[in-house]
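Structure first, commentary second.
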Amino acid sequence: MAETLSDAVARRRTFAIIAHPDAGKTTLTEKLLLFGGAIQLAGEVKAKKDRIQTRSDWMKIERERGISVVTSVMTFEYGDHVFNLLDTPGHEDFADDTYRTLTAVDAAVMVLDAARGIEPRTLKLFEVCRLRDIPIITFVNKLDRESRNPFEILDEIEEKLALDTAPITWPIGLGKNFSGTYHLKHNTVRRSDADVEPIAVNGPEADNVAGLLPEYQREAFIEEVNLAREACRPFDMESFREGHLTPVYFGSALRNFGVRDLIEAIGDWAPVPRAQEGDSRKVEATEEKMTSFVFKIQANMDPNHRDRIAFVRVCSGRLQRGMKAKLVRTGKQISLTAPQFFFARNRITADEAVAGDVVGIPNHGTLRIGDTLTEGEDILFRGVPNFAPEILRRVRLSDAMKAKKLREALQQMAEEGVVQLFSPEDGSPAIVGVVGALQLDVLKERLKMEYTLPVDFEISRFSICRWISSDTKGEVDKFIAAHRGDIARDLDDDPVYLAQHQFGLNYEAERWKDIRFTAVKDYQ
Ligand code: G4P
């Protein structure tokens with residue numbers, strides 16, 4: 001019998017991993033996929049990161065720098081659940097990409113290095129999750145190495161993130177004596193992830209728990225477990241779902257400890273696909289009619305085909321191959337002839353996707369970040385953010401004959417979210433804006449490779465960019481008229497004020513009290 005929509009939705013868990021670089025995100029991803037049967041051999045994701053000719057490093061710059069620039073999605077099944085893992089670029093210069101991806105998940109796994117605890121990028125990404133009320137499951141990694149005491153790590157999470165912690169498992173030994181994970185509540189143990197099912201035991205003193213440790217460490221371990229049970233907070237579902245509490249797991253992704261505990265936790269606790277806030281109403285995940293939004297555009301994933309894929313998060317209904325959908329921004333119908341699911345290595349054609357799933361839709365520039373697709377309803381999902389760029393540059397072209405081609409190329413890159421493009425009101429050449437400097441390198445490389453446009457960047461006299469709006473009618477027009485040389489339009493024709501420095505921005509904000517100067521704009 002075909003699965004009902006609500007059963008299919010209830011099986012989905014859509015999440016991302018947030019981590020400071022080197023904490024073990026890639027290794028953990030690989031193990032999740034391995035245990036989920038999506039890849040055959042450990043090492044494939046790693047190889048992807050380090051070596052040539054894989055889907056995610058189609059670009060030379062990625063290969064040279066060994067960083068993963070693009071965001072991708074990986075689907076795997078484990079037990080009764082279907083997991084959609086949305087990968088995010090680790091490098092902070094691509095932070096806006098990561099933030100957009102976080103709009104498409106229902107939960108996040110925070111990976112910490114057991115010796116380093118909370119690091120700067122963990123903190124930043126955590127703050128984004130908190131803003132969006134994304135529940136977080138913590139995985140403390142690298143327990144097989146010299147690490148901090150688990151209580152110290154819990155304290156640090158509580159203090160630095162103002163987040164309650166509830167340890168669910170406890171490490172049996174640390175460093176070279178790390179011998180497994182003990183479930184504090186269930187009284188079960190996994191000596192490694194080779195134990196597919198946890199083994200029931202009589203308590204921490206049991207031979208198959210404390211007995212795994214050298215004799216001199218047993219007593220201390222039993223005391224720790226008892227203390228953890230008495231002194232630590234119990235898990236509370238409501239508090240977790242509201243983002244106030246994180247369940248904590250311990251393990252070693254590299255040595256196969258704690259990964260199965262974590263997958264089960266995501267299955268058991270991470271929320272089912274959430275209802276999505278539209279501009280006119282809230283859309284429930286189990287509604288029959290399909291709705292979805294684009295959170296990411298990626299071009300040229302396959303260098304042999306110049307293609308452009310829009311990553312779409314399904315919010316409700318069934319997105320079916322061959323169906324027609326309304327692109328609400330333009331009111332036009334588009335045909336979803338070849339939606340794709342992404343497994344670790346392959347793309348396969350998707351017949352049907354439900355809420356929580358992420359599907360790739362090949363297109364030639366019809367779809368933009370933030371677009372909503374529906375079966376006819378005029379509703380817009382908001383909240384895919386656009387961050388004010390921190391670096392503004394003019395693009396200098398050596399061959400003036402190619403100005404038109406450059407304009408088109410920049411427009412396409414801006415639609416993909418690689419850069420932001422601003423057209424000054426006074427008719428001067430366009431300004432590109434990025435959040436991190438590496439994005440400029442990506443732009444330069446891609447203009448050269450894909451459009452044969454060698455370019456350089458010139459410092460612009462502006463350093464700050466803010467969207468302007470007002471509740472007072474006519475105020476924005478007045479402001480624009482008074483600052484014509486410092487106004488530009490973004491891709492959607494919305495006006496921005498360009499300031500030379502913070503002082504200038506503060507001065508104008510002081511003088512124009514009815515104007516809002518904002519650093520974040522929701523798409524649409
Ligand atoms: P990232 O994606 O978060 O940047 O981290 P990644 O998985 O690449 O891991 C960073 C380094 O930490 C890698 O070592 C990886 O092997 C190691 N690592 C990950 N998980 C564990 C763990 O549980 N225990 C230990 N001991 N190490 C772990 P590397 O030396 O940078 O790379 P490689 O030479 O091993 O490929």
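A short reminder: the numbers here are calculations on the coordinates, not readings from a lab. Since we're looking at a predicted model, the values are computed, not measured. Every residue, glycine as well, gets a Cβ built from its backbone with ideal geometry; the counts of neighbours run over all protein chains shown.
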Practice task
For the stretch 464-475, just list the computed ³J(HN,Hα) in residue order, Karplus coefficients 6.51, -1.76 and 1.60, θ = phi - 60°, integers in Hz, with x standing in for Gly and Pro.
Solution key: 10, 9, 9, 6, 10, 7, 7, 8, 8, 4, x, 5
Fill in the blank from the handout: Rounded to the nearest Å, the spacing of the alpha-carbon centers of the stretch 471-498 and the stretch 311-334 is 33 Å
Completion exercise
So for the stretch 341-484, using the alpha carbon gyration tensor with a ≥ b ≥ c as root eigenvalues (a/c under 1.5 gives rounded; past that, a/b versus b/c decides prolate or oblate), I'd call it oblate
Problem - Distance from the stretch 97-142 to the stretch 242-262 (C-alpha centre basis), Å - result: 13 Å
Practice task
Would you please give the FRET efficiency between Arg281 and Thr330, computed as 1/(1 + (r/R0)^6) with r the Cβ-Cβ distance and R0 = 25 Å, to the nearest 0.05?
Solution key: 0.75
Problem - Under-5 Å amide H pairs with Thr246, H placed in peptide plane, nonlocal only - result: Asp164, Thr165, Ala166
Completion exercise
About its Cα centre, the chain carries a charge dipole, from +1 on Lys and Arg Cβ atoms and -1 on Asp and Glu Cβ atoms, whose size in debye to the nearest 20 is 1820 debye
Handout entry: Three-way shape call for the chain based on the alpha-carbon gyration tensor, with the a/c threshold at 1.5
Key = prolate
Handout entry: Cα long-axis angle, helix 259-269 against the chain (0 to 90 degrees, to the nearest 10)
Key = 70 degrees
Fill in the blank from the handout: Residues other than Ile379 with Cβ under 14 Å of its Cβ, Lys/Arg counted +1 and Asp/Glu -1, net out at -2
Practice task
Within the set of other residues whose C-beta is less than 10 Å from the C-beta of Ala104, count the net charge using Lys and Arg as +1 and Asp and Glu as -1.
Solution key: +2
Practice task
Treat each spin label as a single point 7 Å out from the Cα along the C-beta direction, and report the Thr366 to Lys176 distance in nm.
Solution key: 6.2 nm
Exercise for the section: Could you go through the stretch 281-291 in sequence order and give the Karplus-derived ³J(HN,Hα) for each residue, using 6.51 cos²θ - 1.76 cosθ + 1.60 with θ = phi - 60°, rounded to whole Hz, and x for Gly and Pro? Expected result: 6, 8, 10, 7, 5, 9, 5, 6, 7, 6, 9
Fill in the blank from the handout: Computed from the beta carbon distance with a Förster radius of 45 Å, FRET efficiency for Glu408 and Glu158 to the nearest 0.05 stands at 0.30
Practice task
Can you work out the PRE-style zone for Gln502? Point 7 Å along Cα to Cβ, and I want the residues of the stretch 436-478 with backbone N under 14 Å.
Solution key: 463-465
Handout entry: Calculated FRET value between Asp477 and Asp351, using beta carbons and R₀ = 41 Å, to 0.05
Key = 0.25
Practice task
Quick one: angle between helix 403-416 and the longest Cα principal axis of the chain, in degrees between 0 and 90, rounded to 10, please.
Solution key: 30 degrees
Problem - Virtual spin-label span in nm between Lys185 and Asn149, 7 Å along Cα→Cβ - result: 2.6 nm
Handout entry: Exceeding the 25 Å Cα-Cα cut-off - candidates Lys404/Lys448; Lys124/Lys513; Lys296/Lys332; Lys404/Lys478
Key = Lys124/Lys513; Lys404/Lys478
Handout entry: Amide H contacts of Leu112 (H built 1.01 Å from N, under 5 Å, at least 5 apart or other chain)
Key = Phe139, Val140, Asn141
Exercise for the section: For every helix of n ≥ 4 consecutive DSSP H residues, a contribution of -39,500 (n - 2.57) applies; sum these over the chain, divide by its total residues, and give [θ] at 222 nm rounded to the nearest 500 deg cm²/dmol. Expected result: -8000 deg cm²/dmol
Handout entry: Using θ = phi - 60° and Karplus 6.51 cos²θ - 1.76 cosθ + 1.60, couplings along the stretch 422-430 (whole Hz; Gly, Pro as x)
Key = 10, 9, x, 5, 7, x, 6, x, 4
Exercise for the section: Based on the mean of other Cβ atoms within 10 Å per residue, sort peptides 227-240, 315-328, 256-269 so the most packed one is first. Expected result: 256-269, 315-328, 227-240
Exercise for the section: Extending each Cα 7 Å along its Cβ direction at Asn226 and Arg489, get the distance between those two points in nm, one decimal. Expected result: 7.4 nm
Practice task
For the chain, find the longest principal axis of its Cα atoms and tell me its angle to the long axis of helix 502-511, 0 to 90°, nearest 10.
Solution key: 70 degrees
